[in-house]
Amino acid sequence: MSAIFMDCTDDMIGLWEQIRRSDDPAVPVNMSPGQPQDVPALIAGYSAAIIDHTYFDAGLLERCSALRHLVFLGTGASSFIDVDAAARLGKQVHTIKGYGDTTVAEHTLALALAAAREVARMDREVRAGQWRQIAGLQLLGKTLGIVGVGGIGKELARLGQGIGMNVLAWNRSPGALRTVPVEEVLERSDILCVCLALNEGTRGFLDGEKLRRTKPGVIFVNTSRADIVDNAALVELLRSGHVRHAAMDVFSREPPDPSDPFLTMENVTLTAHAGFMTPEATMTMLRRAMDLVIEHDR
């Protein structure tokens, strides 16, 4: 099977070179910060493509007749690939799970800590010449609620317990970690973290009714996907003060629209969907992508 890396970036190329082994097959690398030009011509003759950010809708998939395997760098392939069309056309979509569980869990905890201690707000004020000491929330003995206990949720539970928090978790299916009903997680959490995968069963899962069940003064953290949450309801609860602070790494549109209300709210801390971005996680992801190419060449 011949393969091409469709859309490597400047940040990724050095790590890609580090994970390559002498006996790996040759994989040409196309450097593309955005959607590559003329994808069918670029991919012509290749049966597999490693994909970071290239969009494949149904029409484009139909035009890439030789393509049989799409190796997506991450778990959220449906955000970039029409997976139903791919299946219909006999093209297999591969995703890479677990490569960044610890990295994303650490970022989630970092956002929770930053929100609890108003780090971003005080940083903005100090830089603007204001000197205001804002009281924070001590996390020792507080309750960390986790909605979704896959690899990231389990790692977050471990980290939370490590700093002395009580952990409550809910998951859609039974797992190794003891879980409680989602209503209990919502009602008892001081810090509520979303770690669910986005699919048709979880889209809009945290609707306004569920969000209003949260404890007054809760801190809300989302490093999963924005569309799991009713964000209009979250904005209302932030404005009323019911939600003390929200910290988010994900948006329904990325980059966010300039009119997005979260951008102007003082009690919101934002990062640019970077929870998974560490050299360690990226190298693990790239190595697994290469291994998938090799596996399906047998």
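The values are calculated or read from the model by the stated rules, or taken from the named source; none is laboratory data. What you see is a predicted model, and the numbers here were worked out from it, not measured in a lab. Don't worry about glycine lacking a Cβ; one is built from the backbone with ideal geometry, like all the others, and counts go over all protein chains shown.
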(Q) For SER79, only one of the following conditions fails: (1) of a type in the set (Ser, Thr, Tyr); (2) surrounded by fewer than 20 Cβ atoms within 10 Å (Cβ to Cβ); (3) under 28 Å from LYS210 (Cα atoms); (4) touching a strand residue (DSSP E or B) at 6+ places or on another chain (Cβ under 8 Å). What is its number? (A) (4)
Q) Does region 197-216 include one or more residues that are crowded, with 17+ Cβ neighbours inside 10 Å, under 16 Å from LEU111 (Cβ atoms) and not assigned by TED's automatic domain parsing to the domain that holds VAL93? A) no
Q: Could you tell me which numbered condition GLY150 fails, if it satisfies all but one of (1) of a type outside the set (Ser, Thr, Tyr); (2) within 23 Å of the chain's Cα centre (by Cα); (3) not assigned by TED's automatic domain parsing to the domain that holds CYS193?
A: (3)
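The rows are residues; the columns are (1) within 20 Å of ASP291 (Cα to Cα); (2) surrounded by 14 or more Cβ atoms within 10 Å (Cβ to Cβ); (3) out of contact with any His (no Cβ under 6 Å at 6 or more places or on another chain).
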site	(1), (2), (3)
SER2	yes, yes, yes
SER22	yes, no, yes
PRO28	yes, no, yes
MET31	no, no, yes
PRO36	no, yes, yes
LEU42	no, yes, yes
TYR46	yes, yes, yes
Q) Where in region 180-266 are there helices (runs of 4 or more DSSP H), lying wholly inside it, with at least 1 residues that are touching an Asp or Glu at 6+ places or on another chain (Cβ under 6 Å)? A) 208-211
Q. Just one of the numbered conditions (1) farther than 30 Å from ILE219 by Cβ; (2) touching a helix residue (DSSP H, G or I) at 6+ places or on another chain (Cβ under 9 Å) is not true of SER2; which one?
A. (2)
Q: Looking for whichever is assigned to a helix (DSSP H, G or I), small (Gly, Ala, Ser) and within 27 Å of GLU17 (Cβ to Cβ) here; the options are ALA289, ALA272. Which one fits?
A: ALA289
Q) Hey, any hits in region 145-162 for a residue that's among the charged types (D, E, K, R), assigned to a loop (DSSP other than H, G, I, E, B) and surrounded by fewer than 19 Cβ atoms within 10 Å (Cβ to Cβ)? A) no
(Q) Can you tell me which residue is surrounded by the fewest Cβ atoms within 10 Å (Cβ to Cβ) among those in region 245-298 that are among the basic types (Lys, Arg) and free of Cβ contacts under 8 Å to residues at least 60 places away in the same chain? (A) ARG298
Q: Can you give me the number of residues within region 82-122 that are over 30 Å from LEU60 (Cβ atoms) and basic (Lys, Arg)?
A: 2
**Q.** Some residue of region 118-130 being in contact with a helix residue (DSSP H, G or I) (Cβ under 9 Å, 6 or more places away or on another chain), in the same structural domain as LEU211 (by TED's automatic domain parsing) and part of a loop (DSSP other than H, G, I, E, B)
**A.** yes
